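Participant: Handing you a structure now.
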Amino acid sequence: MGLLCDLFTADHDAALAYAHKAAQGADNRSEGVSVREFKGLTSLEFGTLWAILEKQEWDVDRHMLIDVAFGEDNESWLHQFQNEYLRLLAALDAEGMQAAAQEWGASEELNCEAEAILPVVRALVELSGEALTQGKGLYMWGSL
């Protein structure tokens, strides 16, 4: 099954509700929430992409998502992307998305072809724009 990774836009309360429903395995967890489902990604990988977009070395004090909540026995987690990160993502055009996927895919954390990670980059760009436009947050819910 692997690590689950849901990316979604929501306000804070809706994000907490989503995380609770997702941890319970509820089928209706995505009602009213724009979500994209992936596997095998954690906040570390997203932090690596953030550093790539800033053209900086990854820094644990700078490039980690905000911890929002953790499920029972830390088997699930909810993180929020910083608005600064959202603005970097939302500004990417097609060429920028391809370049980001190329470098992110080549990172030690992912070690994959750009084409394999490009759908995640596209989803991040779309969701970031949506979050900024609607005054919501972009969240990552993950689970073992």
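Participant: Go through segment 20-59 and count every residue that is at pLDDT 95 or above, of a type outside the set (Phe, Trp, Tyr) and part of a helix (DSSP H, G or I).
Facilitator: The total comes to 10.
Participant: If you don't mind, there's one more thing I want to ask. Go through (1) out of contact with any Cys (no Cβ under 7 Å at 6 or more places or on another chain); (2) surrounded by 16 or more Cβ atoms within 10 Å (Cβ to Cβ); (3) over 27 Å from Asp13 (Cα atoms) and name the single condition Gln82 misses.
Facilitator: Gln82 satisfies every listed condition except (3).
Participant: What are the residues in segment 85-102 that are of a type outside the set (S, T, N, Q), buried (at least 16 other Cβ atoms within 10 Å of the Cβ) and in contact (Cβ under 8 Å) with a residue 12 or more places away in the chain, if any?
Facilitator: Once the filter is applied, which keeps residues that are of a type outside the set (S, T, N, Q), buried (at least 16 other Cβ atoms within 10 Å of the Cβ) and in contact (Cβ under 8 Å) with a residue 12 or more places away in the chain, segment 85-102 yields Tyr85, Leu86, Leu88, Leu89, Ala90, Leu92, Met97, Ala100, Ala101.
Participant: Further question: Could you pull out the residue among Glu115, Glu95 that is in a helix (DSSP H, G or I), over 15 Å from the mean Cα position of the chain (by Cα), closer than 23 Å to Leu4 by Cα and at pLDDT 95 or above?
Facilitator: Glu115
Participant: Is it the case, given these coordinates, that Ser34 is in contact (Cβ under 8 Å) with a residue 40 or more places away in the chain and either in contact with a Lys or Arg (Cβ under 7 Å, 6 or more places away or on another chain) or over 15 Å from Leu127 (Cβ atoms) (or both)?
Facilitator: Against the criterion (in contact (Cβ under 8 Å) with a residue 40 or more places away in the chain and either in contact with a Lys or Arg (Cβ under 7 Å, 6 or more places away or on another chain) or over 15 Å from Leu127 (Cβ atoms) (or both)), Ser34 does not qualify.
Participant: Determine which member of the set Leu44, Leu53, Leu78, Leu65 is in contact (Cβ under 8 Å) with a residue 40 or more places away in the chain, farther than 26 Å from Thr133 by Cβ and within 17 Å of the chain's Cα centre (by Cα).
Facilitator: Selected residue: Leu44, the only one of Leu44, Leu53, Leu78, Leu65 that is in contact (Cβ under 8 Å) with a residue 40 or more places away in the chain, farther than 26 Å from Thr133 by Cβ and within 17 Å of the chain's Cα centre (by Cα).
The values are calculated or read from the model by the stated rules, or taken from the named source; none is laboratory data. Just so we're clear, the structure is a prediction, and the values are computed from it rather than from any experiment. As a convention, Cβ positions derive from the backbone with ideal geometry for all residues, glycine included, and neighbour counts pool all protein chains shown.
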